[in-house]
Amino acid sequence: MRYAMAGLLVCAGMFAARSEASVVIGGTRVVYPAQDKEVTIKLNNEGSKPALVQVWLDDGDEKSTPDAAKVPFTVSPPIFRMDPGKGQAVRVVYTKEALPTDKETLFWVNVLEVPPKASDDGRNLLQFAFRTRIKLFFRPPGLAGEVNAAPEKLTWKLVNGEGGKGVALQVTNPTPYHVNFAHVGLKIGERSVTEKGGGMVVPGGTCTFPLKELTSRPSGDVKAQFDVITDYGAVNTMVQPLAP
């Protein structure tokens, strides 16, 4: 089962498909304060059938398998059955290997749901296992500044797009926190130009977002407009001046 990543399980001929995930994670991200002994991730089976669930962490390799992932955490229980309408608390414990103390470190929580075998009624079936990945931020104590103030410290500027064509929006993050975006774009006067999809800028890092709607740099009152995702999954819209 450790090799049954999100993907096709059985496929042949004419299909009856089961394509909805039933196991839901209670949150969009996990914050692990380094001083805590453990954190708990809550799962719920909102489907009508039992499911076999496997949980593991990785350090950014989305192709990682539970036996290959090298992370300083243990998960308990790593594999379990969830009956319909039931919940399960999964404990994540830091095993004390050295991690940076001056900034957050990003890991990923993987939740793999394997549906029960379909009844054999003579039909060919298409069944899927579903893997959900959410971010886990390992946060040392005493970091400079406050996590909620980190978006205000970002620096934004317009740059050339890839290959020198078009326009892109570049953000620099001087803080020790990861800043996550639901959307990134510009506010040009009263008009908003927003790219679909979000992204993230790492502590001390720089990230560039292409603005495909624009072919040249806009003039007038132009500011960065972005939606920040908080620790609790809330989305806050912010507008900031661009750097020269």
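The values are calculated or read from the model by the stated rules, or taken from the named source; none is laboratory data. Since the structure is predicted, the reported quantities are computational estimates derived from the model, not experimental observations. FYI the Cβ positions are ideal-geometry reconstructions off the backbone, even for glycines, and counts take in every protein chain you see.
Worth pointing out:
- Considering segment 154-176, and only residues there that are more than 21 Å from the chain's Cα centre (by Cα) and in contact (Cβ under 8 Å) with a residue 60 or more places away in the chain, the residue that is farthest from Phe209 (Cα to Cα) turns out to be Thr155.
- Restricted to segment 209-225, and to residues there that are under 22 Å from Asn148 (Cα atoms) and out of contact with any Gly (no Cβ under 7 Å at 6 or more places or on another chain), the residue that is surrounded by the most Cβ atoms within 10 Å (Cβ to Cβ) is Ala224.
- Condition broken by Glu195, with the remaining ones in (1) without any contact (Cβ under 8 Å) to a residue 24 or more places away in the chain; (2) under 28 Å from Leu99 (Cα atoms) satisfied: (2)
- Any hit, segment 206-220, residues being touching a Lys or Arg at 6+ places or on another chain (Cβ under 9 Å) and of a type in the set (Phe, Trp, Tyr): no
- Of the candidates Val179, Val239, the single residue that is among the β-branched types (Val, Ile, Thr), touching a Pro at 6+ places or on another chain (Cβ under 7 Å) and without any contact (Cβ under 8 Å) to a residue 60 or more places away in the chain is Val179.
- For segment 167-220, filtering for residues that are in a loop (DSSP other than H, G, I, E, B) and of a type in the set (S, T, N, Q) leaves 5.
- Filtering segment 132-153 to residues that are under 10 Å from Pro176 (Cα atoms), among the small types (Gly, Ala, Ser) and part of a helix (DSSP H, G or I) leaves only Ala150.
- Sole exception among (1) aliphatic (A, V, I, L, M); (2) within 17 Å of Thr237 (Cα to Cα); (3) touching a strand residue (DSSP E or B) at 6+ places or on another chain (Cβ under 6 Å) for Val147, by number: (3)
- Residues that are touching an Asp or Glu at 6+ places or on another chain (Cβ under 9 Å) and over 29 Å from Pro141 (Cα atoms), drawn from segment 69-90: Met82, Pro84, Gly85
- Whichever residue in segment 97-137 is charged (D, E, K, R), more than 21 Å from Val53 (Cα to Cα) and at pLDDT 95 or above and, among such residues, is surrounded by the most Cβ atoms within 10 Å (Cβ to Cβ): Glu104
- Which listed residue is surrounded by fewer than 13 Cβ atoms within 10 Å (Cβ to Cβ), over 30 Å from Pro116 (Cβ atoms) and in contact (Cβ under 8 Å) with a residue 60 or more places away in the chain, from Pro141, Pro151: Pro141
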